[in-house]
1. Which residues, taken from segment 164-204, are closer than 27 Å to Gln375 by Cα, polar (S, T, N, Q) and surrounded by 13 or more Cβ atoms within 10 Å (Cβ to Cβ)?
2. Do we have Gly114 as in contact with a Pro (Cβ under 8 Å, 6 or more places away or on another chain) and either under 26 Å from Tyr378 (Cα atoms) or modelled with pLDDT under 95 (or both) here?
3. Could you count how many residues in segment 183-236 are within 26 Å of Ile135 (Cβ to Cβ) and not polar (S, T, N, Q)?
4. Would you point out which residue out of Lys343, Lys369 is assigned by TED's automatic domain parsing to the domain that holds Ile310, in contact (Cβ under 8 Å) with a residue 40 or more places away in the chain, part of a strand (DSSP E or B) and closer than 20 Å to Phe299 by Cβ?
5. If a residue has to be in contact with a Phe, Trp or Tyr (Cβ under 7 Å, 6 or more places away or on another chain) and among the hydrophobic types (A, V, I, L, M, F, W, C) to count, how many in segment 311-346 make the cut?
6. Given the conditions (1) over 15 Å from Asn279 (Cα atoms); (2) aliphatic (A, V, I, L, M); (3) surrounded by 20 or more Cβ atoms within 10 Å (Cβ to Cβ), and given that Leu87 satisfies all but one, which numbered condition is not satisfied?
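The values are calculated or read from the model by the stated rules, or taken from the named source; none is laboratory data. Just so it is clear, the structure is predicted and the values come from calculations on it, not from any experiment. Glycine gets a Cβ as well: all are built from the backbone with ideal geometry, and neighbour counts include every protein chain shown.
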Amino acid sequence: MGYKKYLLIILLGGISYLTSAQDKPFARADSLTDSLINAGNWKEAITQGKQYIANGTDYTGLRLKIGFAQFMVGNYSAAIENYDKVLQDDAHNQTACYYLYLCYKYMNNEALAGEQLAKLDSISLKLLLVNRTDITSAGLESSYKIANTNYRGNASYTKFDLSGHVLSKLQVYDAVSYFSQYIYEYHNFEHTWQQNDDRQTENFLKLSYPLFDHFTLTGGWHYLYTKYQTTTYNGNLFVGGINYNAVLFNVQGDIDIGRLMTDRVTQYNGQVMVSPLGNLDLYFISGISYLNRNTTDNFIFSETAGFKAIKNVWLETSATFGNQDDYVEAGGLYIYNTFDDTKLKLTETAYFQLSKRLMLNLSYTYEKKQDAVQQFNYNQNSIAAGILWRF
């Protein structure tokens, strides 16, 4: 029996040595990244952490630390990538879910933020001051449009919206808006002008639900009540699409189908958003739409570029090319069901983060329009202001 005792001692010693040897890289990685993070040296912590992972030292604790350092430097896309890796091994890791929620919030992705909200425990919810069913934001937008032709009066547009979570994952958005403009007709024989009212009241309801692996399903209904002179029209447009959120970019595809006044409309949309810095300090959005309106077809292209100019101020430039008659924009939110066609739209917008919860935006828009009756072109200039409160 004596030799068996010595063999067991040797075996246990060998296992202990192997375990100790295996733990040494983890211990070194922990020690170095801990010291860097405690010193607030986020960039060096990220660099060292990536080197350890590249050399095969990859574990949950290291991913959490790298993710936190990337979160602190504002690279939310990279932080999401590391926290996702943690959730592959521990689907309900509270630290990962907590910071994923914040990363998606800062990237304006409420649907995927809601997916993490569903996983958070009561302690994390209290720290974030949120509930699984809650209103997340309220906004007000108003614009005044000036047409440089005697045949069109100045127009106004006002929109109020609410956004919130229902049972964490389901994101609900609702917007009520009102548009009005006077249309003037000159009668040559009587030498008189006739003033006609063009008024439109709208409601847009949109639902977003995260599916799996960064995919979000969206659906919506846009109702329009249009009154021109003494005639009224009811318009209904239905929206459905899917969104994929990846590291540094976002891809979306959707379809809009419905009837606007006397027109049958079907529109297919594709959009790519690129955030090269992993946040909204710099972003580019490219979109293409194929619009079928009754028997006519045309393509519409849009380009947007935005960047953080100074602290708490972002500037954005956007352009939309093509015939935008009955054009559906922003995932079903805006419908260009106006009296005249828009041929070109250029917009400059400034966003001001006034406080943690309050955002103000001011914009100027130039539109090249075509008179629907006499087919002449004219310009329209718009100024708009919006305010958004995040709860």
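1. Once the filter is applied, which keeps residues that are closer than 27 Å to Gln375 by Cα, polar (S, T, N, Q) and surrounded by 13 or more Cβ atoms within 10 Å (Cβ to Cβ), segment 164-204 yields Ser180, Gln181, Asn196, Gln200, Thr201.
2. yes
3. Residues that pass the stated criteria total 18.
4. Lys369
5. Of the residues in segment 311-346, 7 are in contact with a Phe, Trp or Tyr (Cβ under 7 Å, 6 or more places away or on another chain) and among the hydrophobic types (A, V, I, L, M, F, W, C).
6. (3)
Every residue, every condition in (1) outside any strand (DSSP E or B); (2) among the small types (Gly, Ala, Ser); (3) under 26 Å from Glu316 (Cα atoms); (4) at pLDDT below 95, yes or no:
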{"residue": "Leu237", "(1), (2), (3), (4)": "no, no, no, no"}
{"residue": "Gly258", "(1), (2), (3), (4)": "no, yes, no, no"}
{"residue": "Gln267", "(1), (2), (3), (4)": "no, no, yes, no"}
{"residue": "Asn279", "(1), (2), (3), (4)": "yes, no, yes, no"}
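Listed here are the residues, each with its yes/no results for (1) free of Cβ contacts under 8 Å to residues at least 60 places away in the same chain; (2) assigned by TED's automatic domain parsing to the domain that holds Asn279; (3) not in a loop (DSSP other than H, G, I, E, B).
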residue: Asn298; (1), (2), (3): yes, yes, yes
residue: Gln324; (1), (2), (3): yes, yes, no
residue: Gly331; (1), (2), (3): no, yes, yes
residue: Thr347; (1), (2), (3): yes, yes, yes
residue: Tyr351; (1), (2), (3): yes, yes, yes
residue: Ala385; (1), (2), (3): no, yes, yes
